[in-house]
Amino acid sequence: MDLNDKVAVVTGASSGIGKSIAQELSKKGCKVALASRSLDKLKDIGKGLSQSFEVEMDVTSNESVTTAFEKIQDHFGSIDILVNSAGVMPLTYLKNRKLEDWLQTIEVNVKGTLRCIHAVLPMMKKQHSGHIINIASVDGKEIFEGGAVYGASKAAVIELSRAMRMELSPDFNIRVTSIEPGTVETDLREDISDQELLDDKDYGNGEPKLEPKNIADAVLYATTQPDSVNVNELLIKPTGKS
């Protein structure tokens, strides 16, 4: 599939995985809508892209998501690809009862994804085509102490993606891909406020990590397959991790 002049929306595009995905899609000729709460960062990123549109979007707000997608549709006229990359990872032990962290994880990772799907579906249904890519995590399949709520949120995204394929692909020709990275070199761990967990985990111990571009390359692989091919899931780990 040729990505030239396809319109792609990337949430969480101001940094990390989302930023890299937006940049790589642009290199392939996509018109890219950069979406994030950090509009200033988006404008800086957009300067390096050939055809971009920067829009402020808070995925925890129904109104913000709806307004942002309306602006994108007005600007580009259509949306061919949605990459749900916005996410948080405030890992925490359950015993420490970090309720606000738990709820924020679900609010962004699960409900934020649902809000964006809700907003883009009318356009994709009308044009009878589209591709929705949900950035999940290996933690949605391999749980660990301290990752209960984060893992649950990503497991929800993986299962949601499976159900989306069942419902949306046959009737509306909408492809759905779940991408499940292992540890990636981003600032996501800065969300962690559980000091006991931070004391227990040695995150600077030289563990193998993926680069954001590795995830962007997976997005390119999924989106450039023929229209008759749906890449259901891609689980990606750094070499050296089982």
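Each value in this text was obtained by applying a stated rule to the coordinates, not by laboratory testing. Just so it is clear, the structure is predicted and the values come from calculations on it, not from any experiment. In this analysis, Cβ positions are derived from the backbone assuming ideal geometry, glycine residues included, and neighbour counts consider all displayed protein chains.
Overall size of the chain from C-alpha positions, given as principal axis extents largest first: 49, 36, 30 Å.
Positive-end ranking of MET57, HIS75, GLY87 along the dipole of the stretch 28-103, with charges on Cβ about the Cα centre, is headed by GLY87. The value of relative contact order for the stretch 7-236, using C-alpha pairs under 8 Å at least six residues apart, is 21 percent. Can you tell me which lysines have their Cα less than 21 Å from the Cα of LYS141? Leave out same-chain residues fewer than eight positions away. Reachable lysines: LYS111, LYS154, LYS201, LYS209, LYS237, LYS241.
Between GLU167 and LYS201, the distance separating the two model label sites (each 7 Å from Cα on the Cα→Cβ line) works out to 3.2 nm.
Hey, in the GNM for the chain with a 10 angstrom Cα cutoff, which one of ALA216, ALA163, ALA86 fluctuates hardest? Between ALA216, ALA163, ALA86, it is ALA163 that shows the largest mean-square fluctuation.
Over 27 Å between C-alpha atoms is what I'm after, so list which of LYS47/LYS213; LYS6/LYS126; LYS41/LYS125 land there. Result: LYS41/LYS125 exceed 27 Å.
With θ taken as phi - 60° and the Karplus curve 6.51 cos²θ - 1.76 cosθ + 1.60 applied, the whole-hertz 3J(HN,Hα) list for the stretch 51-61 is 9, 9, 9, 9, 9, 6, 8, 10, 5, 8, 10 Hz, x standing for glycine and proline. Placing pseudo-labels 7 Å out from each Cα toward the beta carbon at LYS141 and LEU103 gives an inter-label distance of 3.3 nm. Residues whose amide H comes within less than 5 Å of that of ILE133, counting only those at least five positions distant or on another chain, are LEU82, VAL83, ASN84, THR177 (H built at 1.01 Å from N in the peptide plane). Taking θ as phi - 60° and the Karplus parameters 6.51, -1.76 and 1.60, the scalar couplings of the stretch 8-15 work out to 10, 9, 10, 8, x, 7, 7, 6 Hz in sequence order, x denoting glycine and proline. In units of the rule-of-thumb radius 2.2 N^0.38 Å, the stretch 1-105 shows an alpha carbon radius of gyration of 1.17. Length gained on full extension, HIS128 to SER228, computed as 0.36 nm times the residue gap minus the Cα-Cα distance: 34.6 nm.
Per-residue packing, averaged as other Cβ atoms within 10 Å, sorts the ranges 65-71, 223-229, 129-135 into the order 129-135, 65-71, 223-229, beginning with the highest. Counting Cα-Cα pairs of the stretch 132-242 in 10 Å increments starting at 0 gives whole-percent bin shares of 13, 40, 31, 12, 3, 0.
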